[in-house]
Structure formats: C-alpha cells, structure tokens
Amino acid sequence: MAAMLPLLASGCSMAPSYTAPPVAPAPAAFKETGMWTPATPADAMPRGAWWRVLPDPVLDALEQRIEKDSPRLAIALARYDQARALSRQARADLLPRVDASGRALTARAMSPATGGHYEYDDYAVGGSAAYEVDLWGRIRNQVSATQAEAQASAADLAGARLSLQAELAENYIQLRKLDAQLDLLSQTKTAYAAAVDLTTKRFEGGAANEADVTRARTQFKSVQSEMAQRKADRALLEHAIATLVGEQASGFAIAPVAAMLTPPQVPASAPSLLLQRRPDVAAAERRVAAANARIGVARAAFFPQITLGASGGFETTAASLLSAGSSVWALGPALAAMPIFDAGRRRAGVAYARAQFAEASANYRQATLNAFREVEDQLALVNRLAEASAQQSEAVVAAARTNQLANIQYREGAVDYLQVVTAQAAELQAREDQLALESRRLIASVGLIRAMGGDWGS
C-alpha cells in the first residue's frame, strides 16, 4: 500500500495537451518598412524608459511619477496581487491539511438506568490530517489554471503601465503643440496689431478705405479669439496630465515651452515577433492556457475524490488526560460521494469549459491580428506624415513669401488690403498645419512603440 501512494499522488490529468492556438504566420517584413530583425521573447522584461526617444526632462520626470503615483496603475497592480494570491491558494491544496482541536467542558446528563441526573467533565485534545489524492489531476489543473491567470494578470499590468506611459506622452506632445501654437499666435497678433495701426493711419491720411481697417481689426480679433480657445485646450490637457500622475489638477502646472519635440528616427531594423513582446498578446495566450486547464478540472468531476485521513489525540472524563488509556485515533481513506445521475450537470460543466477555451482561443487570434495591424497603421503614419511634413515646410516658406510680397505691394498701393488679408491668413494656416503635422508624427512614433509592446531598441 505504501509503495502505491506516490503513484496515486501523481495520478493523471484530464486536461487536453496544451499548445497555443495557431495564428497567421508572422511576416518577415512589414509593408511599410524593410526586413526587421527577430526579437527575443521579452513580454515579461521591463521595457525601461522608452519615452526617452523623445528627449525632454519634463516628460521624463512626469513619466517616472506614473509608477508610484498613478491610481490607474495601482488598480492594475492590485488585480495582479489578487491573481497571485489565488494561485498560492490553489497550490495549498497540493499539500496535506493539518488541524488541531481541543475542548474542556462540564456536562449534565440523565442516567438511563436510574433516571437520575449526574454531572461529568469532558477533556479532549488532538489533531487531524487530510490529503486529497489528486488521482485525476483536478488540483494540479486548478493550480495550472490559476498560475496561467496570474501570468496573464502580470501581462495586463505591463500593458496598463505601457498604455499609461503612452497616454501621458501623447498628452504631453499635444500640450507642447499648443504651446507652439500660442507662441505663433502671439507673434501673429503682434503683426496684426501693426497692420491695424498701419491701415488706420493710411485711412486717416486718405490712402486707404474703411474696409481695410475693419478687415485688419477682424483678423486681429480672430487671432485673439483663437488664442483664448487654445489656452482653454491647454488647460484641459494639463488637468489630464495631472490626473495621470496622481495629482490634484488645481495645484498642478507645466511651464510653457514653445519649441516642439524632435520626432525620433525609426530604425531600419526592429523586433518583428510581436507575439513575444506585446503584453496584451501574452495575456491572451495565458488565458487560453488557463481555459485549457479548466477543461481538466471539469472532466475530473466525473471521477470520485479520494482523501487520506488520520486523526488522533486524547479524551477523558477524568483528570488524567494524557494517559495511554485515554488515547483515541482513526486512520483510513475516504471516498467522496459520487453522483450517479445529475441530469447532465457535469457534462454541461465540461461543455462550458470547452466553450471558454474556444472563446479564449479566438481572443488570442484576434489579439495577434490587431497587433500586426496596429504596427502597420503606425508605420504608415510615421512614413507618410514625414513626407507630408517636408512638403508642408515648403508650403510655409511659399506662404511667408506671398505674405511678404502682398505687404510690400499694399504699401506701394499696387493691391488692396484684401490681398494682404488673404496672404496673412494663408501663412498662419500653413504654419498651424505644420505644427499639427509635427505633433501627429510624434504621436505616431509613440503609437508605434505602444503597438510594438516597447521601444524598438529594447
């Protein structure tokens, strides 16, 4: 019997053999770039300070605050701790359970022989041990399922951290774009104020009509209105950043800086095995493994549970509790009740577990498709917006020259002020479009890092 215990303890598993669900093969190259070098499996590795591809000390300081101050990250961390605790709880069933007990009481009873009452003392002390022989792998599959869920939760935590960092970077880029816009509008307002002064003097001198003055004032007031709107937008972004880093919006401020960040250079080669880098893909695969193990748990319900138990101690109604004559013990296996007819309950449980596995597998395949699509999306944006930005820079030069010529011609009386207004509006629009393109390029770079599950250099 003793020789059979290890065999009984090892048992067998009712879970199907697990392999990750098949997905579409990873491309050797993305459409929007050349060949990419393979990555080492890295979904569990720290991603480091990836945001430093955008060198900015203020952004760096804000990103570091997320780790210790962000409530949203604290929520993800708490969920990970819950999953780890559940895993440890399931593992505890692999070991015997040992309990201790004791009692001391005085009781009054009736004698069946005499019909009279008598009192007696009852003392007992002892312990018990029980161990479920995991013959069908129920406990081991439950442990495997909870371990896989804990690993999925760890990937969720990494994904939440990466998402928060990317959201903060995107908000910061938008904030700096608004700073640059406000600086541009401030310069434009100065130029438009000079235009109002010029047209007013020309009108007073009879060299211009009143329409020139009203057009100049209209532009001046429109710029003032746009500045107020951009300041409102900036305030909202500043409040959003405060919330991300866990600070009250009322006491939080970021000093304006007019210069835009420099878009990073995307390297010619970067990791291509997103299935091993993206936290959401890793989490989806681990949930497939957990669902597979739970099929084994459900199938084990068709077989009886065998528990080895032992108990012993001392019990007496006299003063000598710890004497040989007061010892009690029990030893033997116990077979849990096994349902003969349950109206299909257990079969439904297995069917439910298999359906969960099918759902998790589909989620995993969808996650992989999304991963490659998102990388292609961001690469397309990075490449096309770089081309657009270069062309827009030429448009800004041309619009500035047109505005300069229109002002010269107006002073010489060759054109009316409507030509100046048109040229000024075109230059302002061209410069604002250039700022918008630069911010979109920066955000696309952050989006590429998020889509790849980390910096292309990590």
Compute the Cα gyration tensor for the range 319-458, then decide on rounded, prolate or oblate, letting a ≥ b ≥ c be the square roots of its eigenvalues: rounded whenever a/c is under 1.5, prolate when a/b is larger than b/c in the other cases, and oblate in all that remain. prolate
What number comes out for the charge environment of Ala300, summing +1 per Lys or Arg and -1 per Asp or Glu over other residues with Cβ under 12 Å away? +3
Would you kindly find the accessible area of Phe314, with a 1.4 Å probe and non-protein molecules such as ligands, DNA and RNA excluded, rounding to the nearest 10 Å²? 70 Å²
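Hey, got the dipole for the range 197-236? About the Cα centre, +1 on K and R Cβ, -1 on D and E Cβ, debye to the nearest 20?
Working: 8 positive and 6 negative charges, 38 e Å.
I would put it at about 180 debye.
Pairs of alpha-carbon atoms within less than 8 angstrom and 6+ residues apart define the contacts here; what relative contact order does the range 163-256 have, in percent? Write down the numbers at each step before the final one.
Details: 62 pairs, mean separation 35.3, N = 94.
Relative contact order here is 38 percent.
Can you give me the relative contact order of the chain as a percent, contacts being Cα pairs under 8 Å and 6 or more apart?
26 percent
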Estimated inter-spin distance, Gln64 and Thr262, nm [label 7 Å along Cα→Cβ]: 2.2 nm
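For Arg79 and Ala351, compute 0.36 nm times the residue count separating them, minus their Cα-Cα distance, and round to one decimal in nm. If you can, show how the numbers build up before the last one.
Values: separation 272, 0.36 × 272 = 97.92 nm, distance 2.81 nm.
Full extension from Arg79 to Ala351 adds 95.1 nm.
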Cut-off under 19 Å on the C-alpha distance; same-chain residues fewer than 8 positions from Lys189 excluded. Which lysines are left, in chain and number order? Lys177, Lys201, Lys221, Lys231
13 Å Cα-Cα reach of Lys68 towards aspartates and glutamates, excluding residues that sit fewer than 8 places from it in its own chain: Glu247
Residue-averaged 222 nm ellipticity for the chain, from DSSP H runs of 4+ at -39500 (n - 2.57), nearest 500: -21500 deg cm²/dmol
From the coordinates shown, P(r) over Cα pairs in 20 Å bins from 0, in percent corresponds to which of (1) 26, 57, 17, 1; (2) 24, 60, 16, 0; (3) 17, 31, 24, 15, 8, 3, 0: (3)
Report the local net charge at Ala129: Lys and Arg +1, Asp and Glu -1, summed over other residues whose C-beta lies under 11 Å from its C-beta. 0
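Hey, if we sort Trp136, Trp329, Trp50 by accessible area with the 1.4 Å probe, largest down, what's the order?
Working: Trp136 65, Trp329 195, Trp50 5 Å².
Ranked from most to least accessible, the order is Trp329, Trp136, Trp50.
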Would you mind pulling out the separation of the Cα centroids of the range 63-83 and the range 204-255, in Å? 36 Å
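The values are calculated or read from the model by the stated rules, or taken from the named source; none is laboratory data. Fair warning: this is a prediction, and the values are worked out from it, not measured in the lab. Positions of Cβ are backbone-derived with ideal geometry, glycine not excepted, and every protein chain shown enters the neighbour counts. Ligands, DNA and RNA are stripped out before the accessible areas are found, and what is left, the full protein with its side chains, is counted by its heavy atoms. Shrake-Rupley method; radii C 1.70, N 1.55, O 1.52, S 1.80 Å.
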